[in-house]
Amino acid sequence: MDVPLWFALLVVGVLGVKLIRPPWWLIAVLLLGGYLLADSVLAPVIDTAVK
C-alpha cells in the first residue's frame, strides 16, 4: 500500500494535536519555521542530514 507523504504527515499532525494538545502558537511557529528553513541557504545541509 502506497500512502502519499502529504497524507501521512496530515494524519500524524492531526493525531499529534488531538493527543498532545500543544498550544496553537507553537504549531504555527513550527510550520512557519519549517517552511522558511526549507527555502533558505540551510536547505542543502538539512537535506543531507535527513538522508
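Could you grab me the full set of residues in the stretch 30-46 that are assigned to a loop (DSSP other than H, G, I, E, B) and open to solvent by less than 100 Å² (accessible area, probe 1.4 Å)? First the steps, then the outcome.
The first filter runs over the stretch 30-46 and keeps only residues assigned to a loop (DSSP other than H, G, I, E, B), leaving 39-42.
Matches in the stretch 30-46: Ser40, Leu42.
List the number of the failed condition for Pro22; all other conditions in (1) open to solvent by less than 80 Å² (accessible area, probe 1.4 Å); (2) assigned to a helix (DSSP H, G or I) hold.
Evaluating Pro22 over (1) open to solvent by less than 80 Å² (accessible area, probe 1.4 Å); (2) assigned to a helix (DSSP H, G or I) leaves (2) as the failure.
The values are calculated or read from the model by the stated rules, or taken from the named source; none is laboratory data. Every value quoted in this text rests on a predicted model; they were computed, and no experiment measured them. For the accessible areas, the whole protein counts, side chains as well, though only heavy atoms, and no ligand, DNA or RNA atoms are used. Shrake-Rupley method; radii C 1.70, N 1.55, O 1.52, S 1.80 Å.
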